[in-house]
1. Determine whether Ser156 is over 30 Å from Lys85 (Cα atoms), assigned to a helix (DSSP H, G or I), modelled with pLDDT of 80 or more and of a type in the set (Gly, Ala, Ser).
2. Inspect all residues belonging to the stretch 161-175 and state whether any of them is buried (at least 16 other Cβ atoms within 10 Å of the Cβ), closer than 17 Å to Met97 by Cβ and modelled with pLDDT of 75 or more.
3. Limited to the stretch 109-145, what total is found for residues that are outside any loop (DSSP other than H, G, I, E, B) and more than 18 Å from Pro57 (Cβ to Cβ)?
4. Scanning the stretch 45-59 for residues that are of a type in the set (A, V, I, L, M) and at pLDDT below 90, which turns out nearest to Met34 (Cα to Cα)?
5. If you go through the stretch 94-115 one residue at a time, do you hit one that is more than 18 Å from the chain's Cα centre (by Cα) and of a type in the set (Ser, Thr, Tyr)?
6. If you scan the stretch 25-50, which residues turn out to be surrounded by 12 or more Cβ atoms within 10 Å (Cβ to Cβ) and of a type in the set (Ser, Thr, Tyr)?
7. Return the residues of the stretch 49-63 that are farther than 25 Å from Pro107 by Cβ and outside any helix (DSSP H, G or I); say none if nothing qualifies.
8. So Ile105 clears everything in (1) closer than 18 Å to Ile140 by Cα; (2) surrounded by fewer than 17 Cβ atoms within 10 Å (Cβ to Cβ); (3) not basic (Lys, Arg) except one condition, right? Which one?
Amino acid sequence: MGQCRASYKVPGAGTNWLAVIDSAVVFLMISATMGAVTIAMLLALLFFSTATLRRKPLFILNVVALLLGITVAIVNICAEIRILKHPIISGSPQIMMAMSVLIGIGPTLVDSILLLRIYSVFPPRTTPHIHLFFVMVIPILISVARFINSIIYINSYAHSVHTTTELGSASILIRSHLPCVKIEWFLQVFDNLLVGQKFMTCNTR
């Protein structure tokens, strides 16, 4: 949920911003690599799909998820290039807020696509109510909890963006005492394991 870059003091005359540049290069390489992989996945999805499949809601949502990933990569690349070109200038608040929203809410929206798959595998008309509760309601509650956690994270991030005078966006995360990132990781892993177990159970029937 956001970048991790340390805060650095202004160096003396004639010195370079090596710490900031090194950090920006690392994030730039990661974003460019992941963006390229996401583009390749999108092209493969479009190439190997049929006209009938492309009209399915699940296919459309998968395309939207990949486009969201490409957008995150592009925004992050722009932010890192700006750091490389202007290392003594604080990050753009607009870009930093865009990243916080995309990275904060994006994973929850993407994982919510799994709910549609669960709905197709366990239709309410043929699924017992107790079984349906564990299959559908619990993942929905987890998604709601993740969404609330993301809103808290974005609100804290927005407040820090407009009050901090430090360079780099990770200084905001470092100074934050909210465990939003750890909570998101835990809920995401638990959500994926729970949904994966449901699909494995269905396939072994």
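The values are calculated or read from the model by the stated rules, or taken from the named source; none is laboratory data. Just so you know, these numbers come straight off a predicted model, no measurement behind them. Glycine also receives a Cβ, built like all others from the backbone with ideal geometry; neighbour counts cover every protein chain displayed.
1. On the way: over 30 Å from Lys85 (Cα atoms): no; assigned to a helix (DSSP H, G or I): yes; modelled with pLDDT of 80 or more: yes; of a type in the set (Gly, Ala, Ser): yes.
Answer is no for this residue.
2. no
3. Residues that pass the stated criteria total 13.
4. Of all residues in the stretch 45-59, those of a type in the set (A, V, I, L, M) come to 45-46, 51, 53, 58.
Among the residues that remain, those that are also at pLDDT below 90 are: 51, 53, 58.
Working: Ala51: 28, Leu53: 26, Leu58: 23 Å.
That would be Leu58.
5. no
6. Of everything in the stretch 25-50, those that are surrounded by 12 or more Cβ atoms within 10 Å (Cβ to Cβ) and of a type in the set (Ser, Thr, Tyr) turn out to be Ser31, Thr38, Ser49.
7. Within the stretch 49-63, Thr50, Ala51, Thr52 meet the criteria.
8. Unmet condition: (2).
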